[in-house]
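Participant: My questions will all concern the structure given below.
None of the figures in this text is laboratory data; all of them are computed from the coordinates on show. Computed from a predicted structure; not experimentally measured. Cβ atoms come from the backbone with ideal geometry, glycine included; neighbour counts cover every protein chain shown.
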Amino acid sequence: ILNVEQSPQSLHVQEGDSTNFTCSFPSSNFYALHWYRWETAKSPEALFVMTLNGDEKKKGRISATLNTKEGYSYLYIKGSQPEDSATYLCASRPSNFGNEKLTFGTGTRLTIIP
Amino acid sequence: DAGITQSPRYKITETGRQVTLMCHQTWSHSYMFWYRQDLGHGLRLIYYSAAADITDKGEVPDGYVVSRSKTENFPLTLESATRSQTSVYFCASSPTRGEQYFGPGTRLTVT
């Protein structure tokens with residue numbers, strides 16, 4: 001994988017249901033994987049920064065896992081609420097020292113149906 | 001107020017005009033970035049800066065110029081605006097090896 005890819009592109013989930021989506025990234029030359037939450041008409045906000053294989057992070061009902069060997073990360077949302085409606089972006093950072101550039105995926109647009 | 005701000009928030013300009021978008025951060029973060037958001041492309045990096053007087057191209061730098069004479073400011077200039085530069089522009093800053101903090105965005109329309 002040369003680019004950061006996210007799937008699905010969009011998702012509609014009933015309120016109260018749990019959901020998850022995927023971020024695939026180049027596994028070579030990897031340093032960190034970032035997840036951002038981006039609400040409509042606002043700016044992206046950082047959710048997690050993950051660096052270690054097998055890493056799992058959690059913030060409230062949202063959690064993420066990381067597999068650096070195969071180059072993927074999952075984002076999970078448990079018991080979806082209307083306020084979870086947003087676009088979720090992932091971004092990969094390479095391991096070159098001093099290289100702080102992120103390569104972003106195009107996002108998964110999540111809509112929670114009340 | 002602490003944080004990262006962008007100005008103007010909205011701008012309409014004509015083809016061929018020079019436009020400067022401003023970005024200011026109060027955290028003294030080393031790194032600053034300019035992105036553009038376009039449908040189907042997500043966020044694409046235009047330019048970034050590792051410190052004052054150090055800048056480098058990103059994925060889509062053509063038609064843009066940046067400068068960084070002070071750590072807290074990172075202006076982006078469109079030298080001769082084109083319709084293809086109609087977009088939403090986001091500035092971001094980060095400490096070394098940290099997460100990026102985004103400004104509120106500038107919606108630019110080139111007519």
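Participant: Could you give the C-alpha radius of gyration of the protein assembly as shown expressed as a fraction of 2.2 N^0.38 Å, taking N as the number of residues it contains?
Facilitator: Values: Rg = 17.7 Å, N = 225, 2.2 N^0.38 = 17.2 Å.
Normalised Rg, Cα atoms only: 1.03.
Participant: Please enumerate, by chain and number, the aspartates and glutamates with C-alpha under 15 Å from the C-alpha of residue A:57, excluding those fewer than 8 residues away in the same chain.
Facilitator: Excluding near neighbours in sequence, the set is B:99.
Participant: Quick check on the exposure proxy: order B:43, A:11 from fewest to most C-beta atoms within 10 angstrom. Before the final figure, lay out each step's value.
Facilitator: Values: B:43 27, A:11 17.
Taking fewest neighbouring Cβ atoms as first place, the list is A:11, B:43.
Participant: Using alpha carbons only, what's the Rg to Rh ratio of chain B with Rh from Kirkwood? Write out the running numbers ahead of the final one.
Facilitator: Details: Rg = 13.0 Å, Rh = 13.8 Å.
Taking Rh as the inverse mean 1/r over Cα pairs, Rg/Rh reads 0.94.
Participant: Would you mind ranking B:24, A:34, A:12 so that the residue whose beta carbon has the fewest other beta carbons within 10 Å leads the list?
Facilitator: Fewest-to-most Cβ neighbours within 10 Å comes out as A:12, B:24, A:34.
Participant: Pairs to check: A:101/B:70; A:42/B:11; A:59/B:70; A:58/A:101; A:42/A:78. Give those whose C-alpha atoms are more than 28 Å from each other in this structure.
Facilitator: Working: A:101/B:70 20 Å; A:42/B:11 17 Å; A:59/B:70 35 Å; A:58/A:101 24 Å; A:42/A:78 23 Å.
Flagged as over cut-off: A:59/B:70.
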